[in-house]
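Engineer: Pasting a structure here, questions to come.
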Amino acid sequence: MKEEQIKKEFAAAKEKYAALGVDVEKAIEKLNNVSISIHCWQSDDVSGFENPEGELTGGIQATGNYPGKANTIDELKNDIEKVLELIPGKHRLSLHAIYGDFGGEFVDRDQIEPKHFQTWMDWAKKTGAKLDFNSTFFSHPKSGNYSLSSFDPEIRNFWKEHLRRCRRIAAEMGRQQGDACIHNIWVHDGEKDKTVSRIQHRELLKESLDEVMTEKISTDYLKDSVECKLFGIGSESYVVGSHEFYMGYAVKNNMLLTLDAGHFHPTEGIADKISSMLLFVPEVNLHVSRPERWDSDHVVILNDALLELSQEIVRSGQMEKVHIGLDYFDASINRIGAYVVGIRSTQKAMLQALLEPTEKLREYEKRDNNFQRMAYLEELKAMPWNAVYNYYCLQQGVPVGDEYIQEIEKYESEVTSKR
């Protein structure tokens, strides 16, 4: 797409939005300040480097066998760097605990330390990306059906120590990067069939979390967030960490709550939950995925659910309190392409939300002018927002329109196809 054409289309779009009272330049500036936390596990199908040949457990599953997955830390870093070249803005990288640099040695999860992630921290400084972190309770011989909520005290103690160490690792990441690291806590605990001791397991999960959280760490370095789930493969009947459990825990302890788009009922969206939770927790963390009737972790695309989610973030007026992270792992298609499509789709949804004449729409609501509100919301659907996004990409020096497709094909030909 020629630069002259991009600028011409942008000028026309800018004029149309100005007629609605929308400052396009301001919207672009706000979008540029949205740092998406990119999940490292799309590149290698959630294998990690603790035991790359190990079985993926914990109610999650990567399907497909598309060639070219990352097999080493260097390959993963190269893949992420390529992704960053193809998207506008400055972003973050979210690491799971199994992605440490263990130097070829086996380091069990109750023994991991900040030193095992120092090469990642150095990489982050070099690339300008910030890091987020995730405890890893799945895919381990001591995972089973239960970890922090196990009836076995030895199992609980093992995972409590893992959680302690993950918090310290995340805090060190936050200290070195000068920006708080969001540490996400998702525990797969649950059962496939009817479970009698539900409250007992939830009591144990609460006790385990309470014990670990007694170690106070400055929120300048670390922000803990707890993540709920409705069900997983092998835990269809019961998950200990339900939405109600973690909503209560987050509110009681004044901590972040993670809302994953795929962790609720098949027809339930998370958009409407944001405005409620922002009233009771300091910040909200999002895992944006695309469930196809269940938590199937499909690549994020620009659909109604994503747009509604973005609109609620912007309309809340508290964008700074909502952290956007991605969480999907599609092994059936080009993995770099999966990253770029998902990130760009998320940005496009956010841009559309930022290009709304929000104050005008609120005024209509106050005056009970519901027809006018509906009419403008419908007209916005046909506005030339994509011309604005193309111009943003041009500004940032990244591929415009479909140009990224050729870049990814070239990378596959020269790099991933040779793995």
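Values quoted throughout were computed directly from the atomic coordinates according to the rules given, and no laboratory measurement underlies them. Note that the structure is predicted; figures quoted are calculated from it, not measured. Positions of Cβ are backbone-derived with ideal geometry, glycine not excepted, and every protein chain shown enters the neighbour counts.
Engineer: What percent antiparallel are the DSSP beta bridges of the range 35-356, to the nearest 5?
Structural biologist: Percent antiparallel among DSSP bridges in the range 35-356 is about 10.
Engineer: In addition: Quick one: order 368, 295 by neighbouring beta-carbon count within 10 Å, fewest to most.
Structural biologist: Ranked by crowding around the Cβ, least crowded first: 368, 295.
Engineer: If you plug each phi of the range 275-281 into the Karplus form 6.51 cos²θ - 1.76 cosθ + 1.60 with θ = phi - 60°, what whole-Hz ³J(HN,Hα) values come out, in order, with x for Gly and Pro?
Structural biologist: 5, 6, 5, 5, 7, 10, 10
Engineer: Using a Förster distance of 51 Å, how high is the FRET efficiency between residue 333 and residue 214, based on the Cβ-Cβ distance and rounded to 0.05?
Structural biologist: Once rounded, the FRET efficiency stands at 0.70.
Engineer: As a test, work out the antiparallel percent of DSSP beta bridges whose residues both lie in the range 258-344, rounded to the nearest 5.
Structural biologist: If we restrict to bridges inside the range 258-344, about 10 percent are antiparallel.
Engineer: Measuring from label point to label point, each 7 Å out along Cα→Cβ, what is the residue 157 to residue 265 span in nm?
Structural biologist: Taking the two extended label points, one gets 4.3 nm.
Engineer: Between residue 417 and residue 403, what length in nm is gained on full extension when 0.36 nm per residue of separation is reduced by their alpha carbon distance?
Structural biologist: 3.0 nm
Engineer: For residue 194, list the aspartates and glutamates whose Cα falls under 17 Å from its own Cα; do not include residues on the same chain fewer than 8 positions away.
Structural biologist: Cα-Cα hits under 17 Å: 236.
Engineer: On a C-alpha basis, how far is the centre of the range 224-289 from the centre of the range 352-419 in Å? Whole number, if you could?
Structural biologist: Each part's Cα centre sits 27 Å from the other's.
Engineer: Among 28, 405, 199, which one shows the highest mean-square fluctuation when the chain is modelled as a Gaussian network with alpha-carbon springs under 10 Å?
Structural biologist: Of the options given, 199 has the highest mean-square fluctuation.
Engineer: OK, next. Enumerate the aspartates and glutamates that residue 418 could reach by cross-link, defined here as Cα to Cα under 16 Å, with residues fewer than 8 away along the same chain left out.
Structural biologist: 44, 74, 75, 79, 409
Engineer: Full extension from residue 203 to residue 125: what is 0.36 nm times the residue separation minus their Cα-Cα distance, to one decimal in nm?
Structural biologist: My answer for the length gained is 24.0 nm.
Engineer: List the trypsin sites (Lys or Arg not before Pro) in the range 164-225 that DSSP assigns to loop (not H, G, I, E or B) and whose Cβ has at most 13 other Cβ atoms within 10 Å. Which are they?
Structural biologist: Here the sparse-neighbourhood loop sites are 194, 216.
Engineer: Another one. Whole-Hz Karplus ³J(HN,Hα) for the range 2-18, in order, using 6.51 cos²θ - 1.76 cosθ + 1.60 and θ = phi - 60°, x for Gly and Pro?
Structural biologist: After applying 6.51 cos²θ - 1.76 cosθ + 1.60, I find 6, 4, 4, 5, 4, 5, 5, 5, 5, 4, 5, 5, 4, 5, 5, 5, 4 Hz.
Engineer: In whole Hz, with x marking every Gly and Pro, tabulate ³J(HN,Hα) for the range 313-330 from phi via Karplus 6.51 cos²θ - 1.76 cosθ + 1.60, θ = phi - 60°.
Structural biologist: Listing the rounded values in order: 4, 6, 5, 5, x, 10, 4, 5, 9, 10, 9, 9, x, 9, 8, 7, 8, 9 Hz.
Engineer: Against the empirical 2.2 N^0.38 Å scaling, what ratio does the C-alpha Rg of the range 162-254 come to? Present the calculation step by step, with values, prior to reporting the outcome.
Structural biologist: On the way: Rg = 14.6 Å, N = 93, 2.2 N^0.38 = 12.3 Å.
Relative to the 2.2 N^0.38 Å estimate, the range 162-254 comes out at 1.19.
Engineer: Separate question: Please identify the chymotrypsin sites (Phe, Trp or Tyr not before Pro) of the range 90-130 that satisfy two criteria: DSSP loop assignment and at most 11 other Cβ atoms within 10 Å. Which are they?
Structural biologist: Loop-located and lightly packed - 106.
Engineer: Here is a further query. Size of the dipole of the range 170-276 about the Cα centre, Lys and Arg at +1 and Asp and Glu at -1 on the beta carbon, nothing else charged, in debye to 20?
Structural biologist: Here the size comes out at about 140 debye.
Engineer: Can you tell me the orientation of helix 370-380 relative to the chain, as the angle in degrees between its alpha-carbon axis and the longest Cα principal axis, to the nearest 10?
Structural biologist: 90
Engineer: Residues with amide H under 5 Å of residue 132's amide H, sequence separation 5 or more or different chain, H placed in the peptide plane at 1.01 Å from N; which?
Structural biologist: 93, 94, 95
Engineer: With point charges of +1 on the Cβ of Lys and Arg and -1 on the Cβ of Asp and Glu, referenced to the Cα centre of the chain, which listed residue (399, 319, 129) lies farthest in the positive direction of the dipole?
Structural biologist: Of the listed residues, the answer is 319.
Engineer: Separate question: Quick one: dipole size for the range 6-100, taken about the Cα centre, charges +1 on Lys/Arg Cβ and -1 on Asp/Glu Cβ, in debye to the nearest 20. It would help to have the intermediate numbers written out before the result.
Structural biologist: Details: 11 positive and 15 negative charges, 141 e Å.
With only Lys, Arg, Asp and Glu charged at Cβ, the dipole is about 680 debye.
Engineer: So how tilted is helix 73-85 from the main axis of the chain? Cα-based, degrees 0 to 90, rounded to 10.
Structural biologist: Around 20 degrees separate the two axes.
Engineer: Roughly how big is the chain's charge dipole about its Cα centre, with Cβ charges of +1 (Lys, Arg) and -1 (Asp, Glu), in debye to the nearest 20? Could you put the intermediate results ahead of the total?
Structural biologist: Numbers: 51 positive and 68 negative charges, 169 e Å.
That gives the chain a dipole magnitude of about 820 debye.
Engineer: Within the range 1-56, what is the number of lysine pairs with alpha carbons under 18 Å apart, leaving out pairs fewer than eight places apart on the same chain?
Structural biologist: Final tally of qualifying lysine pairs is 6.
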